[in-house]
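As structure tokens, the structure follows; a few thoughts come after it.
The values are calculated or read from the model by the stated rules, or taken from the named source; none is laboratory data. Every value quoted in this text rests on a predicted model; they were computed, and no experiment measured them. Cβ: placed from backbone, ideal geometry, glycine included. Neighbour counts: every protein chain shown. In case anyone asks, the SASA skips ligands and DNA or RNA and just uses the protein heavy atoms, side chains included. Shrake-Rupley method; radii C 1.70, N 1.55, O 1.52, S 1.80 Å.
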Amino acid sequence: MNKNEEYTVTIEDMGADGEGIGHISVNDASNPGMKVTVFVKDTVVGDEARVKIIKVKKSFVYGRLMEIIKPSPYRVRTACEYAKSCGGCFLMHMSYDKQLEYKFNKVKNCLERIGGIKDAEAYMEKVCGMEKPYNFRNKMQFPVGLGKDGKVKIGFYAGRTHSIIDINECVIGHDINTFIIKNIRKWMDAKLETDNSLVYNEELHKGLIRHIVTRIGYTTGELGICVVINGDGLKKKLCDEMTGCFIAAVEEYNALPDKDDNINASTDNDVSKNDDSYFPVSNKVSLASVSLNINKEKTNKILGDKSVTIYGRDYIKDYIGDTCFNISPQSFYQVNPIQTKVLYDKALSYANLTGKETVWDMYCGIGTISLFLAKKAKKVYGVEIIPSAIEDAKKNAIMNGLDNTEFYCGKAEEVVPKLYRENGIKPDVIVVDPPRKGCDISLLDTISDMSPERLVYVSCDPATLARDIKYLGDKGFKVKKVAVVDQFCHSVHVETVCLLSKLSEAKHHINVKVDMDELDLTSAEAKATYK
Ligand code: SAH
């Protein structure tokens, strides 16, 4: 098979990055019936497509979609004009139900192929999707740059590149962003006429404004905007003008005709309904915080380590259920507030607390899961690497009247083993919610030594989840339940909650000399518990 050849391909499956997968029959006298796997971006399972080969590898090829000959029944019109070029919503051209099925299968395949779990589906609950998978994202990160036409570009990076697609709106974000982008673009374009140092040029690593990061508390309507600059600061006049753009954006948004009926105005003590399905969304927006983040590095990392507040407070407030949170610009906060409630409720139900338990929440961020747990547990310990997030976590505990929490700042894989060596406290339940790279082995070893009754693993990457499950499996942990929660609709990402526990039979016999052959425990994981 050669580059530039064209074939008709039926897409049979979808890969981990949302690419369609098909097979092409090739004429090979020495290997009759041979088929080569082809990966084709922008296709959907069920499509019949004309595909041009663009890269030939040893055992597979990459193809470019040239024409859809017969569209898949799962193919839909995208709600966004940038969906094909933008690097965010790779699955938007596939029906939402099919997206959920894809994510369910992605988790199942990882658990089986990487985690070594037989028939993973037997442990998996029905996938939790959104009723209306649009306008759900509370955080947006817009890169800013200069186009070839000399005008400002603000939007998103095109898939796997650093070229900026100029956008006017994003259908998965909050509508306030449309007004922010419009106003800030107009302001920067006007500035550029006299001063070309304002907009960042990534190639030359020159110019000031490199990202606009917005975050909104859906329940409170509080908006926080963080402007990332390649410099030590911005002149006061520029800060005032920029803040003026954001204030104007909020006013324009609030003046829209359907914003009169404000369900839940931004105050410090509203939203107290404690009904599982109830998710009050503030109809109006208020500008709570504008900050500058200093990032002078030549790096892909968006935020630098230092932030300075130039308007309002240095945090926004939001509620998840009836728990209130302060969120600083640098702190992690789940991006889909409606599904976060679903996710945390699931984690809480897997933790199965009665009020007597000691619990660890590892990778706790601003203490979101910790506080959910603390309401139902005797004591909760939390650990997190970002200092401002831990400060938020401590304040959040006090704000919610919870005095049974203790938070530590540092690497989970260093703090937890050290504390365990020093105090030997054995938690009844452990929750981990690591970033994509999963848990460090030394942390998994300590978790195993701690032998909790239940381990609840919240994961944003099923491949590393499965890898860690395999490791824990060899130490006697067994998967009990798995829930897939769609936090990132239209993207290929997936969130999973998994309940694990150590084999109880093994625990009963832990100090007894056992004849291994008499036991009805055949797996290596069970035997490992007796070492
Ligand atoms: N449970 C929280 C945060 C989950 S995201 C929530 O639901 O909001 C993962 C968190 O782990 C982030 O806050 C990140 O800053 C933190 N983190 C990353 N590496 C870490 C490490 N080695 N030790 C402790 N925390 C870490």
In whole Å, largest first, the alpha carbons of the stretch 265-405 cover along the principal axes 48, 34, 26
Determine the alpha carbon to alpha carbon distance for each of Lys356/Lys426; Lys236/Lys298; Lys284/Lys317 and list only those over 20 Å.
Lys236/Lys298
Other-chain or far-sequence residues with amide H under 5 Å of Glu495's (modelled H)
Val485, Gln487, Phe488
Magnitude of the Cβ-charge dipole (Lys and Arg +1, Asp and Glu -1) of the stretch 139-327 about the Cα centre, nearest 20 debye, reported as 920 debye
Gyration tensor on Cα atoms of the chain, a ≥ b ≥ c root eigenvalues, a/c under 1.5 rounded, else prolate if a/b beats b/c, else oblate, says oblate
Excluding ligands, DNA and RNA, the carbon-plus-sulfur percentage of the accessible area of the stretch 173-265 with a 1.4 Å probe reads 54 percent
Tell me which residues come under 5 Å, amide H to amide H, from Lys478 once H is placed; ignore anything under 5 positions away on its chain.
Ser501, Lys502, Leu503
Can you find, among Thr37, Asn135, Val484, the residue farthest towards the positive end of the dipole of the chain? Put +1 on the C-beta of Lys and Arg, -1 on that of Asp and Glu.
Thr37
Magnitude of the Cβ-charge dipole of the stretch 276-419, K/R +1 and D/E -1, about the Cα centre, nearest 20 debye?
120 debye
Given the -39500 (n - 2.57) contribution per DSSP H run of 4+ residues, what per-residue ellipticity at 222 nm results for the chain, rounded to the nearest 500 deg cm²/dmol?
-8000 deg cm²/dmol
Rh (Kirkwood; distinct C-alpha pairs) - the stretch 98-254, Å:
18.1 Å
Cβ charges +1 (Lys, Arg) and -1 (Asp, Glu), total dipole of the chain, debye
1000 debye
Quick one: of the DSSP bridges fully inside the stretch 139-327, what percent are antiparallel, nearest 5?
75 percent
Work from the charge dipole of the stretch 139-327 (Cβ charges, +1 for Lys and Arg, -1 for Asp and Glu, about the Cα centre) and give the residue of Ile181, Tyr157, Ile316 farthest towards its positive end.
Tyr157
Calculated over the stretch 6-75: convex hull of Cα atoms, volume per residue (Å³)
86 Å³
What residue among Gly22, Tyr7, Leu353 has its Cα farthest toward the positive end of the dipole of the chain, where the charges are +1 on Lys, Arg and -1 on Asp, Glu, each on the Cβ?
Tyr7
Taking r as the C-beta separation of Lys259 and Asn201 and R0 as 35 Å, the FRET efficiency to the nearest 0.05 is 0.40
Measure up Lys186/Lys237; Lys106/Lys437; Lys3/Lys58; Lys98/Lys480; Lys411/Lys481 against 23 Å on the Cα-Cα distance and list the ones that go over.
Lys98/Lys480; Lys411/Lys481
Output ordering of 132-138, 220-226 (per-residue mean of other Cβ within 10 Å, highest first) is 220-226, 132-138
Using the heavy atoms of the protein chains and a 1.4 angstrom probe, tell me the accessible area per residue for the stretch 139-327 in square angstrom.
46 Å²
